[in-house]
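All remarks here apply to the structure that follows.
No lab work stands behind these numbers, since they all come straight from the coordinates. Since the structure is predicted, the reported quantities are computational estimates derived from the model, not experimental observations. Because the Cβ atoms are built from the backbone with ideal geometry, glycine has one as well, and the counts that use them run over all protein chains shown.
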Amino acid sequence: MGDGYSFVVVANRLPVDRTTGEDGGQQWTRSPGGLVSALAPIARTSGGAWVGWTGAADDDTGPQEVDGIQLRPVPLSAQDVDQYYEGQSNSTIWPLFHDLVEQPVHRREWRQAYEAVNRRFAEATAEVAADGATVWVHDYQLLLVPAMLRSLRPDLRIGFFLHIPFPPVELFMQLPRRAELLRGLLGADLVGFQRPLAAQNFLQLAGRLLGLQPHDDRVCYEGRTVVARAFPISIDVGEIDRLAADPDVQLESERLRADLGDNRRLLLGVDRLDYTKGIEQRVEAFGELLAEGAVSNDEVVLVQVATPSRMRVAQYQQLRERVEREVGRINGEYGAVGRVPVHYLFQSRSPEELVALYLATDVMLVTPLRDGMNLVAKEFVAARRDELGALVLSEFTGAAAELDDAFLVNPHDVEDLKRGMVAALDAPPDERAVRMRRMRARVHGHDVDRWARQFLATLDDPDRAET
Ligand code: ADQ
């Protein structure tokens, strides 16, 4: 215990992907993404380790170092993946925490697997953390870890950050074993959320379910103080800016515009294929605009890039079928030979390709039914060094609180979605530039590095680090 790591990140996934090297052998490379780029330098300079799953079932990869980060894999069997990950995490907690956009499924064996896997994460962390170390646990797959870890290692300073929304009390109350989940989180010293409302929901729940008495942003539990506060996550602004300035990326952006038809205006959606992202509603709204003649196939084109996600979960397969059917219908009805209104890519794209798309776009559509934050909105804004391009943004994203100069819409209301799309297309260039400039100022002042430092400073001393 004594000679372990003084800073430990605990997350469902390790920050690495398995790739095939030039010699054909398997190797690990660092995953792209803001969270990893924010935490990797901190982990490196503070003697840090990262506890998580490799992403492959029945993988017995041992501890190793990748790009200066010490990795401690937690193995999951195929049954763990099925029950803990696809079951309790993604078919129970995910839909319930996103306002029941889909119906959550409750299964006893999933809850048991979730508890067992959370315990393994807590045990692995207890083994690698040095005396008095700082531990940062992430997200809804690991809600029980803070309390489990505290009982194994009361000497640790434990922070938890929830990347998705925290539901209102009435919704949380529907969960079987709800008090145990809440106690899991209360094992932390600091519980961080994307929005102040989520922190309030959490504190209210502690009052209702356990009879605790929250004061301001904290609550006393088992003789300790637990602080609950909002830390809106962000992106690696410098990295997106660098890509947007790259001549190859700009060339690719021009090529995309030419391929789609230079005289057509481009609307873009970029999401994981997830029912929370409102892809279906967005495509439907676009179809109605074509049907009504508000826009035509000669004037506009929609590109929807949807990364395959959780494809073994039935609700995700069904969503894919519905979206593909609707895209096919719209293209069949309104397309011409060599020119279709919707380009649908069920693919993951490199950061370079995404930024090239962002740069080619006239109107970015970020319209989730519910989203903790939504990084795509911030990436789009950070990419637009030219201060052009409009953002249509759902009110039900965490990002809407910061990017209120976007064209805000209620994606549950197809008429309002259509109104937002048309308003963004019709807005005069100078109005769009003013909106974009304000949004860029916000994103530039709050990047992911600042987010991580603020969380860790608050974990260190909540009274000194007022946010
Ligand atoms: P996600 O639900 O995954 O994250 P989001 O915040 O939009 O959603 O992040 C998605 C990331 O994946 C972005 O960086 C985006 O560029 C990338 N991506 C999306 N589509 C892609 C594609 N086709 N190809 C390649 N990359 C793609 C969860 C919560 C969010 C919260 C984040 C971070 O649901 O609300 O913002 O965590 O806390």
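Amide H contacts under 5 Å for Y344: Q304, restricted to partners 5 or more places along the chain or on a different chain, H placed in the peptide plane at 1.01 Å from N.
Can you bin the range 279-417 into rounded, prolate or oblate? Criterion: square roots of the alpha carbon gyration tensor eigenvalues sorted a ≥ b ≥ c, rounded for a/c under 1.5, prolate for a/b above b/c, oblate for the rest. It would help to have the intermediate numbers written out before the result.
Details: a/c = 1.35, a/b = 1.18, b/c = 1.14.
Rounded shape, in that the Cα axes give a/c under 1.5.
Against the chain, whose longest principal axis is taken from its Cα atoms, helix 429-445 shows a tilt of about 20°.
What is the extension gain from A423 to S77, computed as 0.36 nm multiplied by their sequence separation minus the C-alpha to C-alpha distance, in nm to one decimal?
Numbers: separation 346, 0.36 × 346 = 124.56 nm, distance 5.01 nm.
My answer for the length gained is 119.6 nm.
Can you find, among P176, F166, P247, the residue farthest towards the positive end of the dipole of the range 161-307? Put +1 on the C-beta of Lys and Arg, -1 on that of Asp and Glu. Going by the Cα projections, it comes out as P176. 3J(HN,Hα) couplings calculated from phi for the range 386-391 with the Karplus curve 6.51 cos²θ - 1.76 cosθ + 1.60 (θ = phi - 60°) are, in sequence order, 6, 6, 10, x, 10, 10 Hz; Gly and Pro show x.
Amide H contacts of R218: A228, each under 5 Å away and 5 or more positions distant or on a separate chain (H built 1.01 Å from N in the peptide plane; Pro and chain starts excluded).
Across the range 242-313, the volume of the C-alpha convex hull divided among the residues equals 124 Å³ per residue. 3J(HN,Hα) couplings calculated from phi for the range 317-326 with the Karplus curve 6.51 cos²θ - 1.76 cosθ + 1.60 (θ = phi - 60°) are, in sequence order, 5, 5, 4, 4, 4, 5, 5, 5, 5, 5 Hz; Gly and Pro show x.
Averaging 1/r over every pair of different alpha carbons in the range 125-268 and inverting the result gives a Kirkwood radius of 17.9 Å.
Placing unit charges on each Cβ (+1 for Lys and Arg, -1 for Asp and Glu) gives the range 316-397 a dipole about its Cα centre, and among P341, L388, L357 the Cα reaching farthest toward its positive end belongs to P341. A simple rule links phi to the HN-Hα coupling: the Karplus curve 6.51 cos²θ - 1.76 cosθ + 1.60 with θ = phi - 60°, which for the range 392-404 gives 9, 10, 5, 4, 9, 10, x, 4, 4, 5, 9, 9, 7 Hz, with x for Gly and Pro.
Which value, in debye to the nearest 20, gives the size of the charge dipole of the range 47-117 about its Cα centre, when Lys and Arg are +1 and Asp and Glu are -1 at the Cβ? Please report the intermediate quantities before stating the final value.
Values: 4 positive and 12 negative charges, 56 e Å.
For this selection, approximately 260 debye.
Set the Förster distance to 35 Å, then compute FRET efficiency between S151 and R208 from the Cβ-Cβ distance, nearest 0.05. E between S151 and R208, to the nearest 0.05, is 0.90.
Rounded to two decimals, what is Rg over Rh for the chain when you use alpha-carbon atoms and the Kirkwood radius? Display every interim value, and only then the final one.
Details: Rg = 22.6 Å, Rh = 23.3 Å.
Across the chain, the Cα-based Rg/Rh ratio is 0.97.
Seen against the Cα atoms of the chain and their longest principal axis, helix 108-128 is set at about 70 degrees.
Once backbone amide H atoms are built at 1.01 Å from N, V8 has A49, T134, V135, W136 as its partners under 5 Å, excluding neighbours fewer than 5 places away on the same chain. Relative to the dominant Cα principal axis of the chain, helix 351-360 is inclined by about 40°. Over the range 66-112, the fraction of Cα-Cα pairs per 10 Å bin, rounded to whole percents and listed from the shortest bin up, is 27, 36, 23, 13, 1.
The residue among G211, Y275, N263 whose Cα reaches farthest toward the positive pole of the charge dipole of the chain, with charges on the beta-carbon of Lys, Arg, Asp and Glu, is G211.
The charge dipole of the range 76-178, taken about the Cα centre with unit charges on the Cβ atoms of Lys, Arg (+1) and Asp, Glu (-1), comes to about 300 debye, rounded to the nearest 20. For the range 2-115, the extents of the C-alpha atoms along the principal axes are 42, 33, 30 Å, listed from largest to smallest.
The length gained on full extension between S6 and R107, counted as 0.36 nm times the residue separation minus their Cα-Cα distance, comes to 32.6 nm.
Let me know the charge dipole size of the chain about its Cα centre in debye, to the nearest 20, where only the beta-carbon of Lys, Arg (+1) and Asp, Glu (-1) is charged. The partial results should precede the final answer.
Values: 52 positive and 71 negative charges, 205 e Å.
Magnitude of the dipole: close to 980 debye.
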